[in-house]
Amino acid sequence: MQVIQLLVTGLAVGSIYALVALGFVLVYTAVNVVNFAQGDFSMVAAFFMVSLVVSAHLPYALGFVVSVILAGVAGYLFQLGVYQPVKNRPRNFLPVMIATVGGSIFLQHLFLILYGPVPLQLPSVFSQQTVDLGGVHVYPQYLLIIVVTAVMVALLNWFFERTKLGKQMQATAQDPTTARLMGINTARMNALTFALSTALGGLAGILVAPVYMVTTTMGSLIGLKAFAASIVGGFSSVKGAIIGGLAIGIIETFGGTYISGAYRDAFAFIVLVLFLIFRPYGLFGEKVSQKV
Amino acid sequence: MLKVHHIESRYGEVVGLHDISLEVNEGEIVALLGVNGAGKSTTLKTISGLLHPTKGTIEYLGERIDRLPPETIVRKGIVHVPEGRRIFPGLTVKENLIMGTSNRKVSKAEVEQGIERVLTIFPDLKRLMNQLGWSLSGGQQQMLAIGRGLMANPKILMLDEPSLGLAPVIVKQVFQTIREINEQGVTVLLVEQNASMSLRIAHRAYLLETGRVVRTDTAANLLADDAVRTTLLTAHGRG
Ligand SMILES: Nc1ncnc2c1ncn2[C@@H]1O[C@H](COP(=O)(O)OP(=O)(O)O)[C@@H](O)[C@H]1O
Ligand SMILES: [Mg+2]
């Protein structure tokens with residue numbers, strides 16, 4: 001039974017990484033850069049959620065949706081202020097990367113000024129008691145995380161496979177010059193990709209906030225783990241990001257229980273290093289190790 | 001319809017076009033001929049807005065378009081089918097065609113109509129509709145590239161080397177199709193290294209050399225001209 005409990009926990013933690021990793025991968029495939037502030041949007045949305053639900057007493061579901069949307073808006077502004085000014089530099093990978101690292105530091109300090117250094121608590125909609133599912137004891141929040149992530153992935157799949165806008169975003173990622181010749185506003189597509197990616201990160205932050213505390217640095221660790229998940233998944237496919245995220249979540253949950261609880265956070269990076277050495281293309285993707 | 005007036009275009013420091021002037025009238029097929037590096041592709045890129053000229057002007061239906069971005073120019077009906085076909089590799093044939101309608105608001109019915117029209121011109125695409133772009137042969141990709149251009153409802157269709165890398169039978173078919181498309185009322189600006197085939201379907205042509213127009217005349221006159229034959233036709237061993 002313990003194995004199943006751990007598996008549920010691993011899948012829930014992994015879902016969080018998967019959502020954030022999706023953000024990394026969508027931006028990377030669209031504009032060929034890694035947004036190192038991706039994890040911070042989890043933090044941004046979690047703070048919005050605390051303000052809306054705890055301070056302003058908005059209904060939980062409404063606060064949830066508004067916070068995710070605000071994370072997307074924040075991502076839109078982020079690409080406007082951080083990505084756009086440096087994107088046309090020659091060999092723009094490094095300038096953009098450094099700009100996003102700067103953006104990450106900026107966001108963390110902005111929220112430190114706004115909310116102060118004391119960790120905040122976002123209550124779960126559910127009780128903190130585990131529920132008994134045929135002998136398996138799991139936290140309802142974990143089930144919520146898994147279900148919401150699954151629904152989100154299904155929605156994304158519908159969006160990218162069934163809508164013209166989704167196809168235009170893919171076309172832009174595959175060949176931006178030709179996309180422009182077709183009349184696709186590629187700048188808008190890229191802005192939308194950023195907004196979607198940060199909204200996904202925000203969703204992850206709100207889902208995981210009741211499990212941890214809401215702090216200005218909560219996004220860093222989530223971001224790093226999700227980055228590892230993206231590498232494992234190959235950094236180029238939605239499928240890879242999801243499987244990479246779930247794999248990291250499961251590995252660290254089991255490793256933290258059976259090998260060493262103190263080194264729980266180290267497992268993701270051990271996996272990352274092993275992949276960079278032995279399988280730099282990840283499970284499904286192209287080689288990115290030269291870039292990072 | 002389209003007037004290119006003494007344009008110069010650069011890639012950073014490199015001058016791609018020194019001085020190009022040309023005119024395209026409604027209903028024509030106009031060919032731009034010249035050897036590799038003459039500036040044919042750069043001319044099309046400058047007209048479609050991928051490059052902005054550093055000197056000169058481009059006028060379309062009486063309006064300056066040389067400062068507009070490509071997404072705006074394609075909305076006006078100037079459609080550039082780029083060199084090398086540039087099919088979206090991860091999209092299906094049908095999705096590639098639909099992307100061609102990105103230059104305007106279209107209803108589902110209009111999209112279906114557009115696809116029907118493309119399929120009457122390229123019936124071979126029908127059975128490939130759900131295949132991914134990368135999996136097509138060169139000839140199939142070229143049909144798709146032209147078809148995708150037609151989905152944009154062009155007033156002027158600019159084709160960059162549609163015959164490049166295709167088997168001779170397919171080349172013949174492609175030129176035949178270009179003539180058909182023109183007969184349906186689409187003005188065509190055709191860039192080619194295959195001069196003899198182009199001159200057979202074109203009304204007029206411009207000869208380019210190192211970023212300059214060196215000669216322009218009707219296709220018939222150019223075909224009959226021995227000097228043109230030797231410079232253009234023998235250079236590529238085709239004819
Ligand atoms: N991307 C580019 N960067 C720098 N120079 C280029 C580029 N593309 C073309 N050129 C130069 O511009 C000139 C014209 O090239 P192009 O228009 O491609 O010729 P064509 O299509 O007739 O073969 C050539 O001298 C070529 O080297
Ligand atoms: Mg060329």
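The values are calculated or read from the model by the stated rules, or taken from the named source; none is laboratory data. If you're wondering where the values come from, they're calculated on a predicted model, not measured in any experiment. Heads up, the Cβs are rebuilt from the backbone with ideal geometry, glycines too, and the neighbour counts pull from every protein chain shown. Side chains are part of the model used for accessible areas, which takes the heavy atoms of the whole protein and leaves out ligands, DNA and RNA. Shrake-Rupley method; radii C 1.70, N 1.55, O 1.52, S 1.80 Å.
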Would you point out which residue out of A:I243, A:I206 is away from chain B (no Cβ under 14 Å) and open to solvent by less than 30 Å² (accessible area, probe 1.4 Å)? A:I206
Taking into account only those residues within the stretch A:173-195 that are open to solvent by 40 Å² or more (accessible area, probe 1.4 Å) and among the aliphatic types (A, V, I, L, M), which is modelled with the lowest pLDDT? A:A187
The one condition B:P82 fails out of (1) open to solvent by 10 Å² or more (accessible area, probe 1.4 Å); (2) away from ligand 2 (no atom under 13 Å from the Cβ); (3) within 12 Å of another protein chain (Cβ to nearest Cβ) is (2)
Candidates B:I58, B:I65, B:I47, filtered to the one that is within 25 Å of B:P162 (Cβ to Cβ), touching a strand residue (DSSP E or B) at 6+ places or on another chain (Cβ under 8 Å) and within 13 Å of ligand 1 (Cβ to nearest atom): B:I47
Taking the condition of being over 13 Å from B:R212 (Cβ atoms) and within 13 Å of ligand 2 (Cβ to nearest atom), how many residues in the stretch B:36-49 meet it? 5
Wholly within the stretch B:1-93, which strands (runs of 3 or more DSSP E) include no fewer than the required count, namely at least 2 residues that are charged (D, E, K, R)? B:2-11, B:14-24, B:55-60
Tell me the residue from B:P70, B:P89 that is open to solvent by 10 Å² or more (accessible area, probe 1.4 Å) and more than 15 Å from ligand 1 (Cβ to nearest atom), please. B:P89
Of these, B:L68, B:L97, which one is within 23 Å of B:V188 (Cβ to Cβ) and in contact with a helix residue (DSSP H, G or I) (Cβ under 7 Å, 6 or more places away or on another chain)? B:L97
Residues that are over 13 Å from the mean Cα position of the chain (by Cα) and surrounded by fewer than 21 Cβ atoms within 10 Å (Cβ to Cβ), drawn from the stretch B:180-196: B:E180, B:E183, B:Q184, B:G185, B:S196
Taking A:S236 as meeting all but one of (1) open to solvent by 30 Å² or more (accessible area, probe 1.4 Å); (2) closer than 22 Å to A:L155 by Cβ; (3) in a helix (DSSP H, G or I); (4) of a type outside the set (D, E), write down the number of the exception. (3)
Within the stretch B:157-175, considering residues that are more than 16 Å from ligand 1 (Cβ to nearest atom) and under 23 Å from B:E95 (Cα atoms), the one surrounded by the most Cβ atoms within 10 Å (Cβ to Cβ): B:L157
Flag if B:E28 is more than 16 Å from ligand 2 (Cβ to nearest atom), open to solvent by 20 Å² or more (accessible area, probe 1.4 Å) and not β-branched (V, I, T): yes
For the stretch A:160-172, what are the residues that are farther than 17 Å from A:G240 by Cα, more than 7 Å from chain B (Cβ to nearest Cβ), assigned to a helix (DSSP H, G or I) and open to solvent by less than 40 Å² (accessible area, probe 1.4 Å)? A:G166, A:M169, A:T172
